[in-house]
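One structure below.
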Amino acid sequence: MKIKTSITLSEEVLSAIDRLHPNRSEFIERLVRRELAERRRREREARDAMLYTKHNQELNQQALESLEDQAEP
């Protein structure tokens, strides 16, 4: 469902949008969706990095043990 809203943009920005796309609303919505997706991706990557950092030593120990097990005849 679409909801009508109002935003204020400079004349320069509106002119640039009009040159790039015939439908301002569609263009702006596409850019906002892209930005929201990018922010979600960055937040997810930051959480993953925190988890990796938190469990780094344990994960490295497990990897070393796995390599040792593979090396044994």
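The residues of segment 1-25 that are open to solvent by 90 Å² or more (accessible area, probe 1.4 Å) and assigned to a helix (DSSP H, G or I), listed by number, are 11, 12, 19, 20, 24.
The residues of segment 29-70 that are under 30 Å from residue 4 (Cα atoms) and acidic (Asp, Glu), listed by number, are 29, 35, 38, 43. Checking each residue in segment 6-55 for being among the polar types (S, T, N, Q) and either touching a Ser or Thr at 6+ places or on another chain (Cβ under 8 Å) or at pLDDT 95 or above (or both) picks out 6, 8, 10, 15, 23, 25. Restricting attention to segment 10-41, the residues that are in contact with a helix residue (DSSP H, G or I) (Cβ under 8 Å, 6 or more places away or on another chain) and hydroxyl-bearing (Ser, Thr, Tyr) add up to 0. Against the condition part of a loop (DSSP other than H, G, I, E, B) and among the hydrophobic types (A, V, I, L, M, F, W, C), how does residue 64 come out, does it pass? No.
The values are calculated or read from the model by the stated rules, or taken from the named source; none is laboratory data. All figures in this text were calculated on a predicted structure; none of them were measured in a lab. When we count neighbours, we look across all protein chains shown, and the Cβ atoms used for this are built from the backbone with ideal geometry, even at glycine. To get the accessible areas, we keep the full protein, side chains included, count just its heavy atoms, and leave off ligands, DNA and RNA. Shrake-Rupley method; radii C 1.70, N 1.55, O 1.52, S 1.80 Å.
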